[in-house]
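For reference, the structure discussed in these notes is given below.
The values are calculated or read from the model by the stated rules, or taken from the named source; none is laboratory data. The structure presented is a predicted model; accordingly, all values stated were derived computationally and were not measured. Positions of Cβ are generated from backbone atoms using ideal geometry, with glycine treated the same way; all protein chains shown enter the neighbour counts. These area figures cover heavy atoms from the full protein model, side chains too; ligands, DNA and RNA do not enter into them. Shrake-Rupley method; radii C 1.70, N 1.55, O 1.52, S 1.80 Å.
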Amino acid sequence: MDYPRPCGCKGRRTCLLCEEEYGILKEDFMEKYQDLAHYVFCYKCEKLVPGWDVDEVLQNHENHSGCLDFPGIFVLPDFISETEETELMRGIDGMTWDVSQSGRRKQNFGPKTNFKKMKLQAGRFRGFPAFSRFIQERFNSVALLKNYQTIEQCSLEYDPARGASIDPHIDDCWIWGERVVTVNCLSDSVLTLAPYHGDTKKYNVALVNDYRQHLISPLAEDHSGDVLVRVPMPRRSLIIMFGSPRYQWEHSVLREDIRQRRVCIAYREFTPPYLDGDNAVAQEVLSKAKEFFR
């Protein structure tokens, strides 16, 4: 069913609503991943600990020794306060939600992009909601986000009643830069990473070689190990993905890890080729990205 369904899903993307109405069988990633060795990313020591259940592993991981290194993930708990989260959600829920795939809803602020044709347009982009301005300003306090220029901000709602999830993927590498930033709200969740060994034309991964020298974290020469990494995303935390996890691993949010309503605010930056000042459309987008509307 390649055409969009009333719920917003199309193709192999499904939610509980269309699965029941059309008798669609969703791919079971939980079962698929059982053959991989499971590790949990401890954001305190930034290493991998054997196990699947994030809460259980972190509760029992006290000495932070004897674990595997895993550069490219940064988790900062309590990036925003409870009061700030309440005000942020009041602003988000005061705006119109659009239906999206896999049981999600979204609010997107950014340029128009065509990943297949690699075309960029400013479109109707006019900046970001003023109520969210404090988050981008707070990025300046995070060393990893030095010189980060947000050019897309997207609110995504995950509702367990609709079986919300996001299938394994790599964010497009033609236009979206190395640092993928998320602020996680309303409930704890988990980001699941699996190594990608597919065609480098997919996701425009092959283009990374054009700006590889500009990456803040070098890519791994060998990421062939059949392991699965579970990254905790605590409520009100900031999560940054960069380097190898950004380009050499597919990330997903499994349906089983959405137990309460979750809203994340995702941020994207340009790739280096669009920051050299030579692309007029990119310069227009960067200019509009400095605006905050009410």
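Once you have the alpha carbon radius of gyration of region 74-220, what is it after dividing by 2.2 N^0.38 Å, with N set to its residue count? The partial results should precede the final answer.
Working: Rg = 16.5 Å, N = 147, 2.2 N^0.38 = 14.7 Å.
Working it through for region 74-220, the quotient is 1.13.
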### Message
Along the Cα→Cβ direction, 7 angstrom out, place labels at Ala130 and Asp78. What is the inter-label distance in nm?
### Response
3.1
## Note on the structure
Expressed as a percent, the portion of alpha-carbon pairs in region 92-174 spaced more than 17 Å apart is 62
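On average, how much accessible surface per residue is there in region 180-294, in Å², for a 1.4 Å probe, leaving out ligands, DNA and RNA?
Counting only protein heavy atoms, the per-residue value for region 180-294 is 43 Å².
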### Query
Using only the Cα atoms of region 16-121, what do you get for the radius of gyration and for Dmax, in Å?
19.8, 50
## Note on the structure
The distance between the Cα centres of region 132-196 and region 22-101, in whole Å, is 12
### Task
Take the solvent-accessible surface of the protein heavy atoms, probe 1.4 Å, and return the percent of it on the chain that carbon and sulfur atoms account for.
47
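Taking the solvent-accessible surface of protein heavy atoms with a 1.4 Å probe, what is the per residue accessible area of region 32-141 in Å²?
Details: 6480 Å² over 110 residues.
With the other protein chains kept in place, region 32-141 gives 59 Å² per residue.
When you have a sec, figure out the Kirkwood radius of the chain from all distinct Cα pair distances and drop it here in Å to one decimal? Don't skip to the end; give the middle numbers.
Numbers: mean 1/r = 0.0501 Å⁻¹.
This gives a value of 20.0 Å.
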### Task
Would you list the P(r) distribution for region 140-294, with all Cα-Cα distances sorted into 10 Å bins from 0 and each bin expressed as a whole %?
10, 37, 36, 17, 1
#### Entry: Summed side-chain charge close to Pro232 - residues other than Pro232 whose Cβ falls under 15 Å, Lys, Arg +1, Asp, Glu -1
-1
### Query
So who's got an amide H within less than 5 Å of the one on Val40, skipping anything under 5 residues away but keeping other chains? H placed 1.01 Å off N, in plane.
Val49, Gly51, Arg230
